[in-house]
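Colleague: After the structure tokens below, expect a handful of questions from me.
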Amino acid sequence: MSDSIALKAYGKLNLLLDIVGKRHDGYHTLKSVFQSVSVYDMLTVTLTDDDKITIDCDDESVPCDERNLVYKACTAFFEATGKDFHGVNILLEKNIPSMAGMAGGSADCAATLVALNMLTEAELTEAQLCDIGEKLGADVPFCIVGGTVLCEGIGEILTPLPDLEECYFAVCKPEISISTPECYKKFDNMIITEKAKADDMIAALVVGDVDNIAKYLYNALEYAADCSEIREIKEKMLENDALGALMTGSGSAVFGIFDNKRDAKKCVKELEDDYIFCKTLKPVPVGVEIIEHTL
Ligand code: ATP
């Protein structure tokens with residue numbers, strides 16, 4: 001049997017997303033609190049001997065060629081490490097909704113890097129894996145580290161925060177998708193008077209105060225997205241006892257935050273018939289989890 005690893009690649013929500021500047025190369029710099037959540041894609045990464053990178057995915061809308069971030073992860077990994085390449089197959093079972101702002105592609109990319117590091121015995125450190133990941137996508141370093149993390153720069157400066165516990169999310173993705181570049185472009189042309197309170201959010205996370213976490217939820221891109229579907233979901237979540245509600249990343253998924261599972265589940269039950277994705281999720285303390293390593 002071939003050497004193979006099965007892993008879970010967890011999605012994320014942004015509890016806070018503030019845009020603090022723009023670099024000369026056009027990238028926006030952020031101050032953002034990322035949280036890994038319990039929805040995950042399943043990957044099985046296998047070393048083969050056909051000299052190819054092959055991807056088998058159960059979701060027809062996901063490209064299985066060099067456009068897929070797991071393909072890019074393979075190329076970048078072998079280039080960076082100089083390890084001999086003989087072929088890799090990746091079986092990808094998608095559960096994280098696409099175009100949701102939940103880092104589906106980035107999580108898969110992170111899991112592929114972690115798997116290849118083990119399979120090839122390259123023994124790269126987490127920081128070295130993050131360096132490779134950073135070039136593939138701004139969310140990839142976070143997805144490698146996972147848990148509750150303050151991300152700065154374009155996403156490459158990571159400060160881990162205490163694990164979030166006793167907290168539940170209702171997460172809904174409407175049919176509409178929001179283009180990330182367009183969202184940033186709109187942001188550049190507007191003035192947002194509402195300011196992020198990152199220090200207050202961090203203080204709330206340090207003591208695990210869900211009421212205050214809900215109070216300081218903030219996403220600058222939500223103002224730029226200016227989308228009625230997003231507003232509607234938020235209203236419904238608040239009507240269904242969410243302590244707060246927010247769009248994640250550049251959308252279009254929205255989450256409500258709760259301090260107990262019963263209220264979160266009740267909210268999901270009320271909303272699930274109207275949306276393509278609607279689930280109760282909880283925080284998880286990792287971005288990637290190894291399930292099985294077969295030699
Ligand atoms: P983010 O929160 O990082 O902005 P997102 O939810 O906006 O993520 P993804 O679901 O990660 O977006 O993917 C968006 C696009 O990336 C899709 O159009 C898809 O074609 C492409 N893509 C590349 N690799 C993958 C992958 N492994 N899984 C899903 N989509 C992928």
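Colleague: So, in region 166-195, of the ones that are in contact with a strand residue (DSSP E or B) (Cβ under 7 Å, 6 or more places away or on another chain) and closer than 29 Å to Asp259 by Cα, which residue ends up surrounded by the fewest Cβ atoms within 10 Å (Cβ to Cβ)?
Modeller: Checked region 166-195; the qualifying residue surrounded by the fewest Cβ atoms within 10 Å (Cβ to Cβ) is Cys167.
Colleague: Of everything in region 41-65 that's within 12 Å of the ligand (Cβ to nearest atom) and under 29 Å from Ile157 (Cβ atoms), which residue is surrounded by the most Cβ atoms within 10 Å (Cβ to Cβ)?
Modeller: Ranking the candidates gives Leu43 first.
Colleague: I would also like to ask the following. Residues that are within 16 Å of the ligand (Cβ to nearest atom), in a loop (DSSP other than H, G, I, E, B) and touching a residue at least 24 places away in the same chain (Cβ under 8 Å): does region 104-114 have at least one?
Modeller: There is no residue in region 104-114 that is within 16 Å of the ligand (Cβ to nearest atom), in a loop (DSSP other than H, G, I, E, B) and touching a residue at least 24 places away in the same chain (Cβ under 8 Å).
Colleague: Here's something else I'd like to know. Quick check on my filter: what residues within region 79-98 are out of contact with any strand residue (DSSP E or B) (no Cβ under 8 Å at 6 or more places or on another chain) and in contact (Cβ under 8 Å) with a residue 24 or more places away in the chain?
Modeller: Ala80, Thr81, Lys83, Phe85, Ser98
Colleague: Now a separate question. Step by step: first the residues of region 256-273, then only those that are within 21 Å of the chain's Cα centre (by Cα) and within 16 Å of Leu205 (Cα to Cα), then the one that is surrounded by the fewest Cβ atoms within 10 Å (Cβ to Cβ). Which residue is that?
Modeller: Ile257
Colleague: Starting from region 139-166, take each residue that is in a loop (DSSP other than H, G, I, E, B) and list its partners that are of a type in the set (Lys, Arg) and modelled with pLDDT under 95, counting only C-beta distances under 9 angstrom and pairs at least six apart or across chains.
Modeller: Note: pairs meeting the criteria are Ile154/Arg23.
The values are calculated or read from the model by the stated rules, or taken from the named source; none is laboratory data. Quick caveat, the model's predicted, so the values are computed rather than measured. Note: ideal-geometry Cβ built from the backbone for every residue, glycine included; neighbour counts use all protein chains shown.
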